[in-house]
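Enquirer: Have a look at this one before I ask anything.
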Amino acid sequence: MVAPSVEKATGAENVIWDLSVFYSGIDDPAFERDMKALDTRVESFASTYRGRVAQLDSEEMMDAMVELEAIYDQRGRIGSFSSLLFSTDTNNPQYGALVQKTTEYSSQVTQKLLFFELEWGKAEESAVKNLLADPTLAKFQHYLEAERRYQPYQLSEIEEQLLVEKSVTGRSAWTRFFTQLIGAMRLDYDGEKLTLTQVLTKLHDEDREIRAKANDAITKALRDKSMEFTYIFNVLANDKASDDKRRKFPTWVSARNLDNKAPDAVVDALIQSVTSNYDLVARHYNLKRALLGYDELTEYDRYAPLPVKTSDAFYTWDEAREIVLKAFSAFSPTIAEVAEKFFDGNWIHAPVTPGKRGGAFASPTVPSAHPYVFVNYTGKANDVMTLAHELGHGIHMYLSGQEHGIFGLYTPLTTAEMASTFGEMLVFSDLMSKESDPEVRLAMLAEKIEGNFATIYRQIAMNRFEDKLHNARRTEGELSTGRISEFWMETQRAMFQGSVNLRDDYSIWWSYIPHFLNTPGYVYAYSFGELLVLALYRNYQQRGAEFVPQFIDVLTAGDSDWPDKILAKAGIDLTDLNFWNDGLAILREMVDEEERIAHELYPDKF
């Protein structure tokens, strides 16, 4: 195992999560016992309800749902333990074997339970309407109603079982292989062997030479694996095309929109609104080029800090904790109390270690346990924002899981970013309000704008890349590395509108992004969520304290109702397509303010 390079200590080196709420370790005998017990429970459930689902009365359906809820929770405990463990060291063969074992096991359980949703989907509409009107089923009313939306695309039980079974050696296997490839990569950087995550952080360095070296190291590493990455992308794009064809989904993204409970028209409006406002991206990066004093910006200058005074470029773990909790507490003591549980209960994994998966995430696990937060903390300002972001996810998951159980826990991707990006806004606004130095405010504002761009504009540009990739794979057959790279450069250059010179080296950078493989079509949900939060935050600014309990109600609701009905509680009308432009208007105001401060401070640069 290659040791990471020596970096300044952050205090996060020993911030390791405690997974004992599930099992004591990889060799805990309870793991096997639980799988056997669950097998018995699933078999009993199937023998009791197979062939009867469409005829169940409200009391019987309630009993079935309570038991199904318990089954899913128990299966989730097994899967959560193995996946969380694997994320901390993707190169550990024992962890990898455990993930594969639980993936195969989960597939078997899913196959045995498929009959329930298929029979429910085929139930007569009149019987369904009467059943769902019974208050006995109030807790599960929305889940049962929402499951019916898949009925037009469902296959026979044996076909559904085969798709689930083959995904273990298909999509799941390839995505795991991709994760291991990325985790095992060691990049040559100034004589050191570093992980991809470690080198990516250097793209934020103030030294242009360091950024250029990091960029070259990443490009070389990705090109060295281009054959593998290209093949994986082709296989999984074709796998999705095959599934979509068999289910008769009209487009490559239809399944994702259905899962997100987002009508195609709403998603199309979002994409149109964002792509028609690419001029904001160009305005910011043209300003940045002038402030940096460069003739042109290249791809490795995108995240360069501005050459202005900053309040503190490095944050210890304790400082980050204090910043986040204070900002959350000022908004709502309830939100802060939940966030503290993550710190005090060891629900966070924070250090950068060899083999650890890159990036950050929050896992809801199951209601009988609690969520976990995963970050790679290096002490940068972006890491503080990332911590706030993932804690926002965790709070959302905790509140919804405690209130509604497992069927209200997993929110659609479009609304899953609500608490996370709102948490970022709280931290940012708190820091900005305490800063009086205009130079520091400019640096903070520029960094926040770039964060918003990454969440709104970059994700839509990546959605446009996915659109080209999937449609071309279906019409042209297997795609070459060069062809995929063409799509990447075309969609990325469209976003920057000439403000950043994306050199040919950047053409391979599509290949390390896991969302394209793990969850096709996912990326637009980031933009959806960010613009939604900007609108929510404007609502908060206008209404103050009365908004807070309504927002907490929205988070607590989780997936217990349709998104438009949940968000109506906070004054948001998702059916009004103009709200996307309202969110972008806030971002436009931020760019206006950035330009104003920059021109006042440095008139000679313009």
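The values are calculated or read from the model by the stated rules, or taken from the named source; none is laboratory data. Computed from a prediction, not measured in an experiment: that's the story for all the values here. Using ideal geometry, Cβ is built from the backbone for each residue, glycine included, and neighbour counts are taken over all protein chains shown.
Enquirer: Filter the stretch 327-343 down to residues that are of a type in the set (V, I, T) and over 14 Å from L426 (Cα atoms) and give me whichever is surrounded by the fewest Cβ atoms within 10 Å (Cβ to Cβ).
Expert: The qualifying residue surrounded by the fewest Cβ atoms within 10 Å (Cβ to Cβ) is T334.
Enquirer: Hey, another quick one. Pull up the stretch 244-258, narrow it to residues that are of a type in the set (D, E, K, R) and surrounded by 19 or more Cβ atoms within 10 Å (Cβ to Cβ), then point me to the one that is farthest from L584 (Cα to Cα).
Expert: Top of the filtered list is D244.
Enquirer: Okay, next question. Sort out which residues of the stretch 215-225 are under 14 Å from M185 (Cβ atoms), in contact (Cβ under 8 Å) with a residue 60 or more places away in the chain and assigned to a helix (DSSP H, G or I), and write them in order of number.
Expert: Selection gives I218, T219, L222, R223.
Enquirer: Taking T491 and the conditions (1) outside any helix (DSSP H, G or I); (2) surrounded by 15 or more Cβ atoms within 10 Å (Cβ to Cβ), which numbered condition does it fall short on, given that it satisfies the others?
Expert: So the condition that T491 fails would be (1).
Enquirer: To continue, here is another question. Against the definition (in contact with a helix residue (DSSP H, G or I) (Cβ under 6 Å, 6 or more places away or on another chain), over 19 Å from Y410 (Cβ atoms) and at pLDDT 95 or above), how does L187 come out, yes or no?
Expert: yes
Enquirer: For the stretch 235-254, which positions are more than 18 Å from T169 (Cα to Cα) and part of a helix (DSSP H, G or I)?
Expert: Selection gives D244, K245, R246, R247, S254.
Enquirer: Follow-up question, since we're still on this one. Could you tell me which residue of the stretch 441-457 is surrounded by the fewest Cβ atoms within 10 Å (Cβ to Cβ), considering only residues that are closer than 14 Å to I271 by Cα and under 14 Å from the mean Cα position of the chain (by Cα)?
Expert: T455
Enquirer: Within the stretch 39-51, is there a residue that is touching a helix residue (DSSP H, G or I) at 6+ places or on another chain (Cβ under 8 Å), part of a loop (DSSP other than H, G, I, E, B), among the basic types (K, R) and modelled with pLDDT of 95 or more?
Expert: yes
Enquirer: If you check A265 against the conditions, is it of a type in the set (A, V, I, L, M) and at pLDDT below 95?
Expert: yes
Enquirer: Could you list, in sequence order, the residues of the stretch 534-578 that are assigned to a helix (DSSP H, G or I), of a type in the set (A, V, I, L, M, F, W, C) and touching an Asp or Glu at 6+ places or on another chain (Cβ under 7 Å)?
Expert: Of everything in the stretch 534-578, just one residue is assigned to a helix (DSSP H, G or I), of a type in the set (A, V, I, L, M, F, W, C) and touching an Asp or Glu at 6+ places or on another chain (Cβ under 7 Å), namely A535.
Enquirer: May I ask you to list pairs of residues, at least six apart or on different chains, whose Cβ atoms are under 7 Å apart, with the first in the stretch 534-559 being over 30 Å from Q141 (Cα atoms) and the second being among the β-branched types (V, I, T) and modelled with pLDDT under 95?
Expert: L534/I586; R538/I586
Enquirer: If you go through the stretch 588-602 one residue at a time, do you hit one that is crowded, with 22+ Cβ neighbours inside 10 Å and hydroxyl-bearing (S, T, Y)?
Expert: No, that holds for no residue.
Enquirer: For the stretch 488-505, check the following and say yes or no: at least one residue is touching a residue at least 12 places away in the same chain (Cβ under 8 Å), acidic (D, E) and under 17 Å from Y231 (Cβ atoms).
Expert: No: the stretch 488-505 contains no residue that is touching a residue at least 12 places away in the same chain (Cβ under 8 Å), acidic (D, E) and under 17 Å from Y231 (Cβ atoms).
Enquirer: Among the listed residues Y522, Y526, which satisfies the condition of being within 27 Å of S363 (Cα to Cα), outside any helix (DSSP H, G or I) and among the aromatic types (F, W, Y)?
Expert: Within the list Y522, Y526, the selection yields Y522.
Enquirer: Go through the stretch 377-396 and count every residue that is of a type in the set (A, V, I, L, M, F, W, C) and either without any contact (Cβ under 8 Å) to a residue 12 or more places away in the chain or touching a Gly at 6+ places or on another chain (Cβ under 8 Å) (or both).
Expert: 4
Enquirer: Related question: Would you be able to tell me the number of residues in the stretch 203-216 that are modelled with pLDDT of 95 or more, surrounded by fewer than 21 Cβ atoms within 10 Å (Cβ to Cβ) and either over 29 Å from W174 (Cβ atoms) or touching a strand residue (DSSP E or B) at 6+ places or on another chain (Cβ under 6 Å) (or both)?
Expert: 6
Enquirer: Mind checking whether some residue in the stretch 131-153 is closer than 26 Å to N518 by Cα and modelled with pLDDT under 90?
Expert: yes
Enquirer: State whether one or more residues within the stretch 361-376 are under 21 Å from D561 (Cβ atoms) and out of contact with any Gly (no Cβ under 9 Å at 6 or more places or on another chain).
Expert: No: the stretch 361-376 contains no residue that is under 21 Å from D561 (Cβ atoms) and out of contact with any Gly (no Cβ under 9 Å at 6 or more places or on another chain).
Enquirer: Which of the residues belonging to the stretch 558-580 are farther than 18 Å from Q541 by Cα and either surrounded by fewer than 17 Cβ atoms within 10 Å (Cβ to Cβ) or among the acidic types (D, E) (or both)?
Expert: Hits for the stretch 558-580 are D559, D561, W562, D564, K565, T575, D576, L577, N578.
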